[in-house]
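Below: one structure, written as C-alpha cells.
The values are calculated or read from the model by the stated rules, or taken from the named source; none is laboratory data. Just so it is clear, the structure is predicted and the values come from calculations on it, not from any experiment. Here the Cβ positions follow ideal geometry from the backbone for every residue, glycine too, while neighbour counts run over all protein chains shown. When the accessible area is computed, the model is the full protein with side chains, heavy atoms only, and any ligands, DNA or RNA have been set aside. Shrake-Rupley method; radii C 1.70, N 1.55, O 1.52, S 1.80 Å.
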Amino acid sequence: MPPYTAAQKQYITQFVNFTQAKDAAASKFLRAHNWNVEEAIDAYFQSPQGSSGVTAAIGKIFDEYRDSPEDNPDGIGIEGAIRFLGDIQVRLDEVACLGIAELLNSPSMGEFTREGFVNGWRSVGCDSVPKMVSHAESLRLRIPAEPEVFRRVYRFAFPLCRMQGQRNLQFDIAAEQWQLFFTPENGGVQWNTPTTPWLDWWITYLDEKGKRPVNKDLWEQVEVFLRKTRADESFSWWSPDGAWPGALDEFVSWVQDRRGKPGTEAMDVE
Amino acid sequence: MPALNMPQPPPKDDLDATWTFLEKGINSVMLKLEDGIDMQTYMVLYTTVHNFCTSQKAVGNGQQHLHTHRGAHLQGEELYKLLGLYLSRHLHDVSRESQKHTEEGLLAFYIREWIRYTTAAKYVNHLFRYLNRHWVKREIDEGKKNVYDVYTLHLVKWKEDFFANVHEKVMEAVLNLIEKQRNGETIEQSQIKSIVDSFVSLGLDENDITKSTLEVYRFYFEKPFIQATRVYYENESRQFVAENSVVEYMKKAEARLEEEKARVGLYLHPDITKYLTDTCLDVLVTAHSALLRDEFQVLLDNERQEDLARMYRLLSRIKDGLDPLRAKFETHVRKAGLAAVEKVATEGETFEPKMYVDALLQVHTRYQSLVNDAFNGESEFVRSLDNACREFVNRNTICKSSSTKSPELLARYTDSLLKKGAKAAEESELEEMLVQIMTVFKYIEDKDVFQKFYSKMLAKRLVHVNSVSDDAETSMISKLKEACGFEYTNKLQRMFQDIQISKDLNANYRDWQEKVLDDEDRKKLLDSHFQVLGTGFWPLNPPTTDFLAPPEIVRTAERFQTFYFDKHNGRKLTWLWQLCKGEVKTNYIKSTKVPYTFQVSTFQMGILLLFNETDSLEYSDIQKATSLAPEILEPNLSIFLKAKVLTATPEGSKPGPGVVFNLNYNFKNKKIKVNLNIQIKSEQKVESDDTHKTIEEDRKLLLQSAIVRIMKSRKKMKHVQLVQEVIQQVKSRFPPKVPDIKKNIEALMEKDYIERLDGDEIAYIA
C-alpha cells in the first residue's frame, strides 16, 4: 500500500476522531470516496460496519420519545418533540429550535422521523443526550454569528412553516417568523438599526400592501436583502434593473419616500 | 555657310584649348539660340567633348587629376567643373539683370530666362552626352555626391545661383497677382502656371536624381501661398460677416470654396488641393461654425430649404460639424409633431382618426423631404427624424390618457379606408394611403395593440362582406407581414382563408340541397349564406344574450348543420347570432306595388317575424318570444320606433315593460330598401374596452412565453441578462417595462418553471 500524503493522513485522523473507527476502515472509506471526508463518513455510517454502534444508540433515544410506538413506530409527534426539545434544553420560541428541525430534517413543526433523527444526529456525531445538549448550545451561538448557518436554517423555515398543501407562506406566519429570525432576542440577527427600523418597516409595508402570501423566492431574497442593508443602508447596491423581486424593489422606494420626508416625523414630534 | 570656315576641333589633349572652344559654343547656345546653330558647329562641339574624354592624357590644369588606372575613356572631371563654373557666371549675370524688374515684370523676366536656360540645358546636355554616359555615370555609380548629369547640373545651378536670390520676390509677385484675382481683377494666369512648373522642376531627389520631389515647390510655393490664403480669407470673412447676414455669408463662403477648388485646376499643382481646401474650410467654415449653427433654428422655423441645404453642405465638410444640428433638428421635428397633434386634440373627443393620422403624416412628410432635399438623405439625419417621429407618435396629448391610443386610431383609420363606404378612394390612391399608414405604423411602439384592433375590424369587414376589395386587404396584410413577420399576420391570413373556404362550402351546400330537398322544403326555402370561422383565429365571441331564433331560420340553420357535420364529423358550431343579418319583405303594406325590403339583424328579424302572427305585442311578449336581453332588445325596438316600422302605445313611450308595439301598416319611405341594421353605440364602447383588457392579458402571456423560451434554450442565465433578452424579443410588439418583466419572472418561479440560484442566476426547471 502506498504511503499516505500529509493531507490524506489528516483526513484519516479526522475520520477516526469523528467515527471512532479503526484506521484501516477510515482509509478504505476515504479511498472509496476520493478522499472526501464528509462523503466517506456518511457512507461509513450508512454501512453495516459503521452504523451499528452509534445508530443503535441514537435509535434508542428516538424510541424513548415516540408518542405511539404501535401506530407510528418511526415518528415522533408533537408531545414527544416538546419533551425531547426540553431534554436537550432547547426552547420552542428560539431560532435554535428551527436549527434542530433543520438538522433533523423535520417534515413539519414538532415532528421528527426516525430517518431524519438518526441521520441528523449521526452526521454531527451525537449519540447521547448530553452530546445533543452541547450541540444545541453550539448551534445557538453559531446561528447568529455565521451567515452560512443562519441562511440554511432560515431557508429551511419556509417549507417547515408552510400550511400543508400550500405553495406559499401565509403573511401572518411569515411576519411571525421574521420577528423571530430578524431580532436578537431569541437567537436571530438584528435587522432594525438606530437609523432605520428595517424589520418594522418591512412588516408595515407588507401590511399596507394587503398582507399577500409570501412566496419562496421572496422569503429567501428578504434574507439576502437584509445582509445587503446591514452592509450599506443607503441602497448604493440597489438598481431598478437588478434581480430583486418586485416587492423588494417597491419596498426600496417606499423606504426612500419615508426617508425623504424627515419633515413628517419632525411634525409628529411637535 | 562656307565649308572653308568650318571650325576644327582643338587638339584633344589640350584642356585649355578645349574648354575655350567649348565655352564659345555653349555661350552661343545659351544666349543666341534664337539665331540658330548649324549642324556642323554642333557636330564639332560634340566631337570636341568626345575627343577630350577619350584622350590618353590631357595637358593643363587637370593633369594632376589624371587617374591612369581608370582607363583612357573616363576623362571629364575638368570639363564638368568648368561647365559648372560657366553656369554660375551666367546665372550671376541673370541675377543682376533681374534686379531691374519687379512684380509682373519680374515674373515675365523669370519665365523668359527659365525657358531660355532650360532649352539651352537640353542642347548642352546633348553635347555632353559622352561625358554623361561615362564619366558622370561612373561617378554616380561610385556614389559620389553632388555629381549630376549635365541637364540636372543646370537645374542645380539655377536653384543655387539664381532661384535662391529671387524666390522671395517672385513669390511676392505671384501672391500679389493672385490677390488681385481674388479681388476680382483679370490676371495673366499662365504666368503663375509657368512659375509653378519651374518650382516643381527644381525639386530634385538627392538620393535618386532620376526622380523629382515636390519639396522645393512645397516649401517655396505652397507654404507662402497657403499662408497668404489664410490671411486673405480671415480678413475677408471677418469683414463680410460683420456687414452681412449669415445666409449671405454662407453663399459667399460656398462661392469662395468653389473658386479655390477651380484655382487648383487652373494653375496650381494638384498636390495642393487638400491643403488648400482644408485651409479654406478652416477659415471660412470652422471659424464661423458657431455663428452658422445659431442660424439653423431660424432657418428651420422659416423653412428655408435652400439655405438649410447650403448650411448642410458647408458644415458636413468639417469635423463634427453636423452633430449639434441633428440634435436641434430632432427637437424641432418633435415639437412640430406635438403641435400638430395638439391642434387635432382641440377638436375634442370626436375627431376622425383620419385627422389624427394625417396630422402625423404631414409632419413626417414635410421633414422627410427636408432631410432628402436639404440634408442629402444623410443617414444620421434620417435617424434623428425617426427618433423624433417615434416620440411624437407614441407620446403626445392624445396618447396621454393611454399610450395605446395611437395604434388604435391608426387601425380605425385603416378600417375606414378598407371598408366600403361613401368615401371610398380610387384603387391607386388607396394603395398610396396604405403605404402612408405603414409609415406611421413603423413608428408605433405598441404594435400588438394595432394588431388587436386591426384583426377585430378585419373580422367585421369580412363577416359583413363590406371590404372595399380583396386586393387591398391582401396588400395591407402583406405589408404588415413584411414589417413584422409571419407570426404577426398569421391569424389575419387564416381569417381570409376561412372566408375563401366558406365560399366553396356554400356552393357545395347548394348542390347538396338540390339533391336532398323535397318540394315541400323548397317552398319554404330561405336564401342563405353561411360562413364558418375558426375559433382560434377570429377575435369573435359568442353572443352576450340568449336568443330564440325564429323557426324559419332555425330550420335552415339545422339543415346546414346536418350538411356540415356530415362533412366534418366531431366539429362544434356556435351560432354568432349577433353578427348575422338578413332581409325581410313587407308584404303587409299595400300602399306600394313593390313591397319594401328591410335590411335587419337576426335579432331584429326575430322581433319583426313575430308580427306575422299578430299586429300588436306587449314588451314582455316580445322578450319572452325572443329571449333577448333588455340591453339588446330595447335599442332595437327604439330603431323600429324611430323608423316608424312599429308604433308604441301609449304613444311616444320608450321601449320597456308595459309598452305595446303595433305594426305600422302606413309605413312610408323614399327608398324601397331600408337599412335598419345600425350598430348600437354602447356596443362600440364595450368592444374597445374589451380589446384593451385582452391586450394586458396577451402581453403577460407574451412575456412569460418569451422568458420560458429563452430559459429553455439557455438553461441558466443571469437575471439582468434575461431581462435584456426579453426586451429584445418582445420590443417589436410593444415596449415592455422592466417591473412587468420581473413580475412575470416571479410568476414563473412560483409556477416552478424556473428557479433562482445563488448570485442572481435563474435556472430553467425541465
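For B:Lys712, the criteria (1) open to solvent by 10 Å² or more (accessible area, probe 1.4 Å); (2) more than 13 Å from chain A (Cβ to nearest Cβ); (3) within 38 Å of the chain's Cα centre (by Cα) hold in every case but one, which is (3).
Taking the conditions exactly as written (within 17 Å of B:Glu113 (Cβ to Cβ) and open to solvent by 30 Å² or more (accessible area, probe 1.4 Å)), does B:Glu160 satisfy them or not? Judged against the criteria, B:Glu160 is a match. Exactly one residue out of B:Glu408, B:Glu445, B:Glu380, B:Glu432 is of a type in the set (D, E, K, R) and not in a helix (DSSP H, G or I): that is B:Glu445. When A:Phe150 is tested against (1) assigned to a loop (DSSP other than H, G, I, E, B); (2) over 24 Å from A:Gln256 (Cβ atoms), only condition (1) is not met.
How about segment B:716-727: which of its residues are β-branched (Val, Ile, Thr) and within 9 Å of chain A (Cβ to nearest Cβ)? Show your work before the answer.
Pass one, segment B:716-727, residues β-branched (Val, Ile, Thr): B:720, B:723, B:726-727.
Residues satisfying the conditions are B:Val720, B:Val723.
Checking each residue in segment A:226-245 for being among the hydrophobic types (A, V, I, L, M, F, W, C) and over 16 Å from A:Ala157 (Cβ atoms) picks out A:Ala231, A:Phe235, A:Trp237, A:Trp238, A:Ala243, A:Trp244.
Identification of helices (runs of 4 or more DSSP H) wholly contained in segment A:169-270 with 1 or more residues that are touching a Cys at 6+ places or on another chain (Cβ under 6 Å), modelled with pLDDT of 85 or more and surrounded by 13 or more Cβ atoms within 10 Å (Cβ to Cβ) yields A:171-181.
Between A:Asp71, A:Asp93, A:Asp23, A:Asp63, the distinction of being surrounded by fewer than 19 Cβ atoms within 10 Å (Cβ to Cβ) and within 28 Å of A:Leu169 (Cβ to Cβ) belongs to A:Asp93 only.
Among the residues examined, B:Leu573 does not qualify as of a type in the set (A, V, I, L, M) and in the same structural domain as B:Asn636 (by the TED database).
Put simply, of B:Leu703, B:Leu676 the only residue that is surrounded by 14 or more Cβ atoms within 10 Å (Cβ to Cβ) and under 30 Å from B:Tyr588 (Cα atoms) is B:Leu676. Only one entry in B:Lys743, B:Lys712 is part of a helix (DSSP H, G or I), in contact (Cβ under 8 Å) with a residue 24 or more places away in the chain and of a type outside the set (Ser, Thr, Tyr), namely B:Lys712.
Annotation: of all residues in segment A:105-139 being touching a residue at least 40 places away in the same chain (Cβ under 8 Å) and outside any helix (DSSP H, G or I), the one that is farthest from A:Gly80 (Cα to Cα) is A:Gly125.
Quick one: which helices (runs of 4 or more DSSP H) sit completely within segment B:238-350 and have at least 2 residues that are among the small types (Gly, Ala, Ser)?
On the way: elements: B:246-267, B:273-284, B:289-301, B:305-315, B:323-345.
Ranges flagged: B:246-267, B:289-301, B:323-345.
Among the residues of segment B:748-760, those that are within 9 Å of another protein chain (Cβ to nearest Cβ) and touching a helix residue (DSSP H, G or I) at 6+ places or on another chain (Cβ under 7 Å) comprise B:Met749, B:Glu755, B:Arg756, B:Asp760.
Matching residues to (1) buried (at least 19 other Cβ atoms within 10 Å of the Cβ); (2) in contact with a Pro (Cβ under 6 Å, 6 or more places away or on another chain); (3) in contact (Cβ under 8 Å) with a residue 60 or more places away in the chain; (4) β-branched (Val, Ile, Thr):
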site	(1), (2), (3), (4)
B:Arg230	no, no, no, no
B:Asn235	no, no, no, no
B:Glu248	no, no, no, no
B:Arg256	yes, no, no, no
B:Tyr267	yes, no, yes, no
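In this structure, B:Glu552 does not qualify as over 59 Å from the mean Cα position of the chain (by Cα), open to solvent by 100 Å² or more (accessible area, probe 1.4 Å), of a type outside the set (Ser, Thr, Tyr) and not assigned by the TED database to the domain that holds B:Gln604. Residues in segment B:728-745 that are crowded, with 19+ Cβ neighbours inside 10 Å and either hydrophobic (A, V, I, L, M, F, W, C) or at the interface with chain A (Cβ under 7 Å from one of its Cβ atoms) (or both): B:Val730, B:Phe734, B:Ile741, B:Lys742, B:Ile745.
Based on this model, can you work out whether B:Ser401 counts as outside the structural domain of B:Phe537 (by the TED database) and free of Cβ contacts under 8 Å to residues at least 12 places away in the same chain?
Numbers: outside the structural domain of B:Phe537 (by the TED database): yes; free of Cβ contacts under 8 Å to residues at least 12 places away in the same chain: yes.
For B:Ser401, the condition - outside the structural domain of B:Phe537 (by the TED database) and free of Cβ contacts under 8 Å to residues at least 12 places away in the same chain - is met.
In segment B:679-696, the qualifying residues are those that are open to solvent by 60 Å² or more (accessible area, probe 1.4 Å) and under 38 Å from the mean Cα position of the chain (by Cα), and the one that is nearest to the other protein chains (Cβ to nearest Cβ) is B:Glu696.
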